[in-house]
Amino acid sequence: MSVPPPLDNPYRDPDEPGFNHAYGGTPPWDISRPQAECVRLEESGEIRGSVLDVGCGTGEHVLYLARRGHEAWGIDVGIIWHQRSTALAQPG
């Protein structure tokens with residue numbers, strides 16, 4: 001049995017007409033802060049240890065949890081939201 005070749009990631013191209021287009025402006029789910037439920041869970045102690053946020057977008061949850069002492073990792077496929085999350089993570 002042969003293994004199929006890896007698929008190209010179409011989201012590496014910022015001009016790709018699919019999902020990257022949603023990040024041309026501000027998508028409705030980007031509220032520029034962690035969602036209230038994430039904050040509530042962390043403050044109540046229900047989030048413990050390391051965290052992996054799959055589909056982290058601009059990374060508000062990852063940044064919030066890391067600042068609260070968690071080892072927090074975020075992964076997403078899009079270059080545009082990766083660029084925005086990197087900018088958000090910079091001090092100052």
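Points worth noting:
- The stretch 24-69, residues that are of a type in the set (Asp, Glu) and either part of a strand (DSSP E or B) or surrounded by 18 or more Cβ atoms within 10 Å (Cβ to Cβ) (or both): Glu42, Asp53, Glu60
- Test result for Arg12, more than 22 Å from Pro91 (Cα to Cα), among the basic types (Lys, Arg) and at pLDDT below 90: yes
The values are calculated or read from the model by the stated rules, or taken from the named source; none is laboratory data. Quick caveat, the model's predicted, so the values are computed rather than measured. Glycine also receives a Cβ, built like all others from the backbone with ideal geometry; neighbour counts cover every protein chain displayed.
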